[in-house]
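Below is one structure; the comments refer to it alone.
The values are calculated or read from the model by the stated rules, or taken from the named source; none is laboratory data. These numbers come from a predicted model, not from an experiment. Quick reminder, even Gly has a Cβ in these numbers, built from the backbone with ideal geometry, and neighbours come from all protein chains shown.
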């Protein structure tokens, strides 16, 4: 892949958790050919604006890291927003890239695309084999539509549009909002505040028994760049006779209760942990089978504890400016 300005790399969503990490990875590898646009500079829900931008710049590669994301509460209360905004943004980006003649694109899906009760660990072939988890079904359907659009453009028009399915992510620049965030940043914020307020207890949604797999966003970024730069024939050989997308995870999971105890320890909170069983647990277990991406030579570099320490340190240094 060229590192010159002749062929540009567009990272859509570069101010988000995943987009920032991809940009960090590309810059660390010496790429000076990035083209980035903030939301104020380019509205990804505006089809005409997106198509004009993609067709008027010499872009060779597109990373579709832009998405509306949130935790169980956000998905439960804003289902129309999650399905509509994600469908519009990804259709504009993927369809616009095709219309502009851009041959290579990487679309980031989500592990919530898989059935709620899929056999564990979840292989790529489990897609569309059963009902989705109800609380994030609209978001999951949008992501499935995006990956199927990439697949259809590859089959009908020969586009080299690739798709990865990350597991649950965390890291610097995450959303730490107390009600709109995912479980790890939400717990980090709550335990830090509970420690400072000397709270006797912290209540956590659900029973604490569901198992989740977590991946630091810098590890995901390394995987995304590796998949994007992979020779097409080698990728096709790995996904031959199976689903065309790749799972990205670490290969191990933990109960929410164990993760909460770990975050409490790392943040210095010593009070009681209580679990509210009247709140939804979500999918009982979600562990990805990552044997395909592992066979291509990529493996995560950060343990959960090391990744959480990194994230907590970043949050403490930047908490005044985060959501």
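Among 240, 264, 257, which is the only one that is over 22 Å from the mean Cα position of the chain (by Cα), at negative phi and without any contact (Cβ under 8 Å) to a residue 12 or more places away in the chain?
Working: 264 fails: without any contact (Cβ under 8 Å) to a residue 12 or more places away in the chain; 257 fails: without any contact (Cβ under 8 Å) to a residue 12 or more places away in the chain.
Only one candidate passes the filter, namely 240.
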- Query: Quick check, is residue 192 over 20 Å from residue 75 (Cβ atoms), modelled with pLDDT of 95 or more and either in a loop (DSSP other than H, G, I, E, B) or touching a strand residue (DSSP E or B) at 6+ places or on another chain (Cβ under 8 Å) (or both)?
  - Reply: no
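Looking only at helices (runs of 4 or more DSSP H) that lie completely in region 20-119, which have at least 2 residues being in contact with a helix residue (DSSP H, G or I) (Cβ under 6 Å, 6 or more places away or on another chain), at pLDDT 95 or above and at negative phi?
Details: elements: 47-55, 72-77, 79-99.
Here the list reads 47-55, 79-99.
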- Restricting attention to region 267-292, and to residues there that are under 22 Å from the mean Cα position of the chain (by Cα) and either farther than 27 Å from residue 135 by Cβ or free of Cβ contacts under 8 Å to residues at least 40 places away in the same chain (or both), which single residue is surrounded by the fewest Cβ atoms within 10 Å (Cβ to Cβ)? 291
- Of (1) outside any loop (DSSP other than H, G, I, E, B); (2) in contact with a strand residue (DSSP E or B) (Cβ under 9 Å, 6 or more places away or on another chain), residue 137 satisfies every one except (2)
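From the list 202, 225, 192, which residue is under 30 Å from residue 103 (Cα atoms) and touching a residue at least 40 places away in the same chain (Cβ under 8 Å)?
Sole residue among the options that is under 30 Å from residue 103 (Cα atoms) and touching a residue at least 40 places away in the same chain (Cβ under 8 Å): 225.
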- Residues being part of a helix (DSSP H, G or I) and free of Cβ contacts under 8 Å to residues at least 40 places away in the same chain: count how many of those fall in region 120-134. 2
